[in-house]
Amino acid sequence: MPLTNRVSADGGLHAVAARGTMMGNRGGRLHDPQTQTLGRARWRSRAWICCVLEFRGRRRKVMGAGYTELFFLDEATALAAGHRPCFECRRADALRYRAAWQRAQGLSSPPSAPEMDRQLHGERTGERPVLALGDLEMLPDGAMVRLGETILTRREGRWLTWSFTGYRPAEPEALARAADTRAELLTPSASVAVLAAGFRPLWHDSAADLDGP
């Protein structure tokens, strides 16, 4: 039976059989190690990070005595859920993210991890922005929105529909709804600005398979 440790693009935790391509955590243990079920807490600190699946040969028992391992389809999903790259196992990516943050915010010096975490936490726990149709076309690749029950993202100028198992081309009906429906922005505004400033997230292979003329 799948454990409740797959993260959706809106940050929710679900029991899904399909495996993710990236791991992360929210600063501590959210589960009971005896039953491997979640408690009421959905984070233990503001440091929500996105990690690689393998690092220096470390072995962990999933939902064991340590922190709760969470799994994402890819990094675009993790960013939408409010996570950022880990400074330990993904240091080069974390430095690229921080540099893009600095550019986007016009800061004179790079922000610290706690500074970024503080802003991200406020955005992911606050009310999500709602976008009109014209605003959707201004979103950078990797930013995610929700239209009704459908989660959409952009890549190479195309709209894709997100799911736990991968991406597929957005249905015309979903895009048509955008003309009449205001979309809920899932990716925190700070990470949207990071994407717009040139940070390129890691994508699931299904997104790359849809690239083309």
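The values are calculated or read from the model by the stated rules, or taken from the named source; none is laboratory data. Because the structure is a prediction, the values reported are computed rather than measured. Every residue, glycine among them, receives a Cβ derived from its backbone with ideal geometry; neighbour counts consider all protein chains shown.
The table for this structure:
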| read-out | value |
| --- | --- |
| Some residue of segment 73-88 being over 30 Å from L139 (Cα atoms), surrounded by 12 or more Cβ atoms within 10 Å (Cβ to Cβ) and not hydroxyl-bearing (S, T, Y) | no |
| Residues satisfying the stated conditions in segment 12-38, i.e. surrounded by 13 or more Cβ atoms within 10 Å (Cβ to Cβ), aliphatic (A, V, I, L, M) and part of a strand (DSSP E or B) | L13, M22, M23, L38 |
| Any pair with Cβ under 6 angstrom, 6 or more apart, that starts in segment 50-64 at a residue that is more than 23 Å from H204 (Cα to Cα) and touching a residue at least 12 places away in the same chain (Cβ under 8 Å) and ends at one that is surrounded by 11 or more Cβ atoms within 10 Å (Cβ to Cβ) and not acidic (D, E) | M63/L3; M63/H31; M63/Q36; G64/P33 |
| Matching option when the condition is among the aromatic types (F, W, Y), within 23 Å of L152 (Cα to Cα), surrounded by 12 or more Cβ atoms within 10 Å (Cβ to Cβ) and at pLDDT 95 or above, among W43, W48 | W48 |
| Residue in segment 138-163 that is farthest from G20 (Cα to Cα), counting only those that are of a type in the set (S, T, Y) and within 13 Å of the chain's Cα centre (by Cα) | T153 |
| Helices (runs of 4 or more DSSP H) enclosed by segment 92-185 - at least 3 residues per element that are touching a residue at least 60 places away in the same chain (Cβ under 8 Å) | 113-125 |
| Unique match (being of a type outside the set (D, E, K, R) and at positive phi) among G106, G134 | G106 |
| Index of the failed condition, S112 passing every other in (1) hydroxyl-bearing (S, T, Y); (2) touching a Ser or Thr at 6+ places or on another chain (Cβ under 9 Å); (3) closer than 22 Å to L195 by Cα; (4) surrounded by fewer than 17 Cβ atoms within 10 Å (Cβ to Cβ) | (2) |
| Residue match in segment 52-60 (condition: β-branched (V, I, T) and either part of a loop (DSSP other than H, G, I, E, B) or more than 30 Å from Q36 (Cα to Cα) (or both)) | yes |
| Residue among A179, A196 that is closer than 15 Å to E137 by Cβ and modelled with pLDDT under 95 | A179 |
| Residue check for A9: part of a loop (DSSP other than H, G, I, E, B), surrounded by 15 or more Cβ atoms within 10 Å (Cβ to Cβ) and touching an Asp or Glu at 6+ places or on another chain (Cβ under 7 Å) | no |
